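Inspection log for the structure reproduced underneath, given as structure tokens.
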Amino acid sequence: MYKIAVIPGDGTGPEVVAEGLKVMKTISEKFKFKYQLEHYDLGGERYLKTKEILPDSVLNELKQMDAIYLGAIGHPEVKPGILEQGILLKIRFQLDQYINLRPVKLYPGVYTSLKDKGPEDIDFIVVRENTEGAYAGVGGFIKRGTPDEIAIQEAIHTRKGVERCIRFAFEYCRKRNRKNKVTLCGKTNVLTYAFDLWERTFREVAREFEGIGTDYAHVDAICMWMVKNPEWFDVIVTDNLFGDIITDLGAMIQGGLGIAAGGNINPKGVSMFEPIGGSAPKYTGKGVVSPLAAISACQMMLEHLGEEKAARGIEEAIMKVVKQDVKSLSAGKMGYSTSEVGDLVVKYILK
Ligand code: IPM
Ligand code: MN
């Protein structure tokens, strides 16, 4: 019996999470595993009503779960940062979900903005460090609001944090067993301290993994290569901020935020799975956004829990939907509503 926390969150989060849970129910009946859901109403609405962001009692409950399934965090009436830092980043940090794992995989039938590239070219995964870097929240203001204002925002890179992330990437690459190549994405030519540490650690860890090739690209160049030669990549490992940026680019080449999912992984603790697209306030409640990213996140969650057949079952159903049914993954252009797309996934699972 898996105990799964559900945080639908803000904006379109609840509507896509509902579809993921619909699929979860179907797949669990088919593959005969049991789970129990615990819903949490964290997000902008609760904050506006009660000023509560993420109470310690909730955080402690989350620590007892087998996994967390999250929709989206971010509300147009709440100052940017409050909910993102207070909920999403707090969970990532407090539960030590030190890996953010983001597959970039183009399924047959999905439109990619890259001309002349197909599913055989676009299939890699980004391992993003998820608890340090520029996200550590170290810094401050001096003379705020005056002409002499100074803002400092430090990036924190620890040997331990960097090493465990890089080791995860190599282990993942070996398990994935595709091109057997790990690319470090950094900026060694400018961030000469941080990425010196990354590069040295990368070279050391690589020695433990015979048969896995290595490569390096600066973050700006990798944005170019991801568009020009995505087939070069198998596993990309990078720091928190660069990982944030390049995975939005990755989402675009795999067909958009409507299909891009991610896992916040603590290999020995509680992990959290989410569509990476955000709360999309302008589409909220309209039933027009794709639930496939949230359904893919559910797939990643089941794979993580060890329900590999169920995960594959979901992926196969998603692949049928994108190949045969939806016209586009863009909001309002699918040719179906959010819940109809969820129903299609369910239909193929049952077939
Ligand atoms: C993501 C998001 C978050 C991040 C925001 C909402 C804090 O963009 O999951 O990629 O920057 O990590
Ligand atoms: Mn992001």
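Readers should treat all values here as calculations from the given coordinates under stated rules, not as data from a laboratory. In this text, all values refer to a predicted model and were calculated from it rather than measured experimentally. Backbone-built Cβ (ideal geometry, glycine too); neighbour counts: all protein chains shown.
Just a few scattered comments:
- Test item: Cα-centred dipole of the stretch 1-156, Lys/Arg +1 and Asp/Glu -1 on Cβ, debye: 360
- Dipole moment magnitude, nearest 20 debye, the chain about Cα centre, only Lys, Arg, Asp, Glu C-beta charged: 640
- Cα-based values for the stretch 207-351, radius of gyration first and Dmax second, are 16.8, 52 Å.
- Annotation: the antiparallel percentage among DSSP beta bridges lying fully within the chain is about 45.
- Farthest towards the positive end of the charge dipole of the chain, among the residues ALA293, LEU70, SER337, is the Cα of SER337, using unit charges on the Cβ of Lys, Arg, Asp and Glu.
- Dipole magnitude for the stretch 112-254: about 280 debye, using +1 per Lys or Arg Cβ and -1 per Asp or Glu Cβ, origin at the Cα centre.
- At least 24 Å along the helix axis (C-alpha) and Kyte average at least 0.5, DSSP helices within the chain: none
- Of the residues PRO230, TYR135, PHE124, the one whose Cα sits farthest towards the positive end of the charge dipole of the stretch 112-254 is PHE124 (charges of +1 on Lys and Arg Cβ, -1 on Asp and Glu Cβ, taken about the Cα centre).
- Dimensionless Rg/Rh of the stretch 112-254 - Kirkwood Rh, Rg from C-alpha atoms: 1.04
- In order along the stretch 208-214, phi translates into HN-Hα couplings of 6, 10, 5, x, 10, x, 10 Hz, rounded to whole numbers, per the Karplus curve 6.51 cos²θ - 1.76 cosθ + 1.60 with θ = phi - 60° and x for Gly and Pro.
- Order of SER28, SER113 - criterion: other Cβ atoms within 10 Å of each residue's Cβ, fewest first: SER113, SER28
- Counting neighbouring Cβ atoms within 10 Å and putting the fewest first, the residues ILE156, ILE53, ILE236 line up as ILE156, ILE53, ILE236.
- Of LYS25/LYS320; LYS30/LYS309; LYS34/LYS347; LYS105/LYS179; LYS179/LYS347, those spanning more than 22 Å from alpha-carbon to alpha-carbon: LYS179/LYS347
- Selection from TYR283, PRO108, ALA169 lying farthest towards where the dipole of the chain points positive, charges on Cβ: PRO108
- Ranked by the mean number of other Cβ atoms within 10 Å of their residues, highest first, the peptides 274-280, 294-300, 198-204, 237-243 fall in the order 294-300, 237-243, 274-280, 198-204.
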